[in-house]
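Below: the structure, in structure tokens.
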Amino acid sequence: MHEFNVKSRPILNIYGKEIKGHRENYREDTGESLAIVSDRYKIVHNKEVIDRVESCLKLGEFKKQVYCPGNGSRMYAVYDFKDQKAEVTKGDIIGMRITVRNSYDGSSGIPLEAGALRLVCLNGMTSTVNKSRVSGSHTTNLDLQYVTDSINAAKAQFAQAIDNYQVMHGWKITQTEGSNLIKDLVKNKTIGIKRESDIADIWKNPTYQKDKDRNVYNLYNAITQNLTPDMDKSFELVSRTSRNVLKHLQNHVVEDSGNLVKFK
């Protein structure tokens, strides 16, 4: 699914002459065009990225899932680690997730980002921790030092994300306040209106015992529980929505506290 080869070819104008400064990336297996990019753009194949990253992963056993939206123009390799985990509260265990990104359309470098997997229900979670400034480039070789530095940065991001989840768990809200926050998320188009009713139902009638406490963290869990089943068909949308929801909820905590609470 993700191991196809990509090549570049010149772009011709209507007179058959090459247009300087840009080239077209295309799939070798289908001939399908993926993007117009700068002629300085270096193709780094998904397999090369995955092989380099996995050669540096020293975090124990992992489960991997690869998503390739945009007809393969972008790639996300998601790693969930069995032995890397932490508790938000007693019995609520969060596993470490690292997402590696690559693209053939010029939309990104090759960043590694931390995330999380809530083990009680397998909800995918995200982090608003500042991303590492270390990012692989499509103009230079993908060196092993970059990969090692990025993995270490992701580990630190995960630890900070757990701290942030704990702050959210400690921030109590009423049932009505949570329902109003869901309405706010719909109003500002962070989540679609079609999701509002289902999310409200989960918030009102939690599926899991650990979600019965009324706090901002458990409201976030209600939303990720609704989003996660759509990840296979809409990975980018689900990831972006989850990230924006988390930012909105954390901003609510900060504003409600008079800026006494600071997220990392």
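At least 2 residues that are among the β-branched types (Val, Ile, Thr) and closer than 18 Å to Gly124 by Cβ in each: list the helices (runs of 4 or more DSSP H) lying fully within the range 149-264 that qualify.
Answer list for the range 149-264: 193-204, 216-227, 235-256.
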Can you say whether Arg27 is closer than 16 Å to Ala154 by Cα, open to solvent by 30 Å² or more (accessible area, probe 1.4 Å) and in contact with a Phe, Trp or Tyr (Cβ under 7 Å, 6 or more places away or on another chain), as far as the supplied structure shows? no
Answer yes if at least one residue in the range 13-22 is in contact with a His (Cβ under 9 Å, 6 or more places away or on another chain), loosely packed, with under 15 Cβ neighbours inside 10 Å, over 26 Å from Asp230 (Cα atoms) and of a type in the set (S, T, N, Q), and no otherwise. no
Considering every residue within the range 236-243, establish whether at least one is among the acidic types (Asp, Glu) and buried (at least 17 other Cβ atoms within 10 Å of the Cβ). no
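Name the residue, out of Asp39, Asp92, that is farther than 24 Å from Asp230 by Cα and acidic (Asp, Glu).
After ruling out the rest, the residue left standing is Asp39.
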Got at least one residue in the range 77-87 being open to solvent by 60 Å² or more (accessible area, probe 1.4 Å), at pLDDT 90 or above and not in a strand (DSSP E or B)? no
Take Arg40 and decide whether it is more than 13 Å from Arg101 (Cα to Cα), of a type outside the set (Asp, Glu) and not in a loop (DSSP other than H, G, I, E, B). no
Only one of these is among the hydroxyl-bearing types (Ser, Thr, Tyr) and at pLDDT below 95: Ser127, Ser73. Name it. Ser127
Restrict the check to the range 94-112 and report whether at least one residue is modelled with pLDDT under 95, open to solvent by 20 Å² or more (accessible area, probe 1.4 Å), among the aliphatic types (A, V, I, L, M) and over 30 Å from Glu24 (Cβ atoms). no
In the range 152-170, what residues are in contact with a strand residue (DSSP E or B) (Cβ under 6 Å, 6 or more places away or on another chain), open to solvent by 10 Å² or more (accessible area, probe 1.4 Å) and closer than 18 Å to His248 by Cβ? His169
Would you say Val78 is within 22 Å of the chain's Cα centre (by Cα) and closer than 30 Å to Val216 by Cβ? yes
Residues Gly60, Gly106, Gly72, Gly91: which one is of a type outside the set (A, V, I, L, M), on the phi > 0 side of the Ramachandran plot and out of contact with any Lys or Arg (no Cβ under 9 Å at 6 or more places or on another chain)? Gly106
Condition first: free of Cβ contacts under 8 Å to residues at least 60 places away in the same chain and either open to solvent by less than 10 Å² (accessible area, probe 1.4 Å) or in contact with a helix residue (DSSP H, G or I) (Cβ under 7 Å, 6 or more places away or on another chain) (or both). Now tell me which residues in the range 184-203 satisfy that. Val186, Thr190, Ile191, Ile193, Arg195, Glu196, Asp198, Ile199, Ala200, Ile202, Trp203
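The values are calculated or read from the model by the stated rules, or taken from the named source; none is laboratory data. The shown structure was predicted, so the numbers you read here are calculated from the model rather than taken from an experiment. Methodologically, a virtual Cβ is constructed for each residue, glycine included, from the backbone with ideal geometry; neighbour enumeration extends over all protein chains shown. SASA here: full protein model, heavy atoms, side chains in, ligands and nucleic acids out. Shrake-Rupley method; radii C 1.70, N 1.55, O 1.52, S 1.80 Å.
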